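Just so it is clear, none of the values below were taken in a lab; they were calculated from the coordinates. Since the structure is predicted, the reported quantities are computational estimates derived from the model, not experimental observations. Virtual Cβ from ideal backbone geometry, glycine too; neighbours counted across all protein chains shown.
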Amino acid sequence: MTPAPYKRPESILIVIYTPMGDCLLLRRRKPTDFWQSVTGSLEWGEDAEHAAARELREETGFDPANLQATDLMFTFPIVPPWRERYAPDVASNTETVFSLQLETPEAPRLNPREHLEYRWLPKAEAVELVSSWTNREAIEQLVPEPP
């Protein structure tokens, strides 16, 4: 295990959606054209479930009581803009996916240090807007088709 100051190469992704197939996306502060579901790195000594609950609260203010683990997990290479955050021998990140179904779209309480705005979008539009392939794949697999 590599201690701080390096980031741990494990993260969570939380797809938030409604039974009608609407999906919540957040626009990152940096880079400003980067849209995503709730994401975050695991802290050293933290498990994925605790990281997901913490990130959900921090990024949306939503209660994590109904957060669900999924069978989805992705491994992807760490891209150059974020490379210096990780230990020199680390080349990839493992992302564990969670989901949260809300009955109707709710306004999140955004953390202004991380996100500029949010949108509730139909599944197809969310798939088109998200910036990462893992987020796209998770939405495609977890969010129901609209009735």
List the number of the failed condition for Glu55; all other conditions in (1) under 19 Å from Tyr118 (Cα atoms); (2) out of contact with any Ser or Thr (no Cβ under 8 Å at 6 or more places or on another chain); (3) part of a helix (DSSP H, G or I) hold.
(2)
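In segment 98-116, which residues are under 22 Å from Gln68 (Cβ atoms) and in contact (Cβ under 8 Å) with a residue 60 or more places away in the chain?
Initial filter on segment 98-116 (under 22 Å from Gln68 (Cβ atoms)): 98-109.
The answer is Phe98, Ser99, Leu100, Gln101, Leu102, Glu103, Thr104, Pro105, Pro108.
Hey, among Arg54, Arg29, which residue is farther than 22 Å from Thr104 by Cβ, of a type in the set (Lys, Arg) and surrounded by 16 or more Cβ atoms within 10 Å (Cβ to Cβ)?
On the way: Arg29 fails: surrounded by 16 or more Cβ atoms within 10 Å (Cβ to Cβ).
Sole residue among the options that is farther than 22 Å from Thr104 by Cβ, of a type in the set (Lys, Arg) and surrounded by 16 or more Cβ atoms within 10 Å (Cβ to Cβ): Arg54.
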Residue in segment 75-89 that is nearest to Ser11 (Cα to Cα), counting only those that are without any contact (Cβ under 8 Å) to a residue 40 or more places away in the chain and in contact with a strand residue (DSSP E or B) (Cβ under 6 Å, 6 or more places away or on another chain):
Thr75
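Does segment 69-78 contain at least one residue that is farther than 22 Å from Trp133 by Cα and surrounded by 13 or more Cβ atoms within 10 Å (Cβ to Cβ)?
Here is the first cut: in segment 69-78, the residues farther than 22 Å from Trp133 by Cα are none.
No, segment 69-78 contains no residue that is farther than 22 Å from Trp133 by Cα and surrounded by 13 or more Cβ atoms within 10 Å (Cβ to Cβ).
For segment 117-124, does any single residue satisfy the condition of being over 14 Å from the mean Cα position of the chain (by Cα), outside any strand (DSSP E or B) and touching a residue at least 60 places away in the same chain (Cβ under 8 Å)? Give the derivation first.
Looking only at segment 117-124, we keep the residues that are over 14 Å from the mean Cα position of the chain (by Cα), and these are 117, 119-124.
Now drop any that are not outside any strand (DSSP E or B), which leaves 123-124.
Okay, now just the ones that are also touching a residue at least 60 places away in the same chain (Cβ under 8 Å), so 123.
Yes - at least one qualifying residue is present in segment 117-124.
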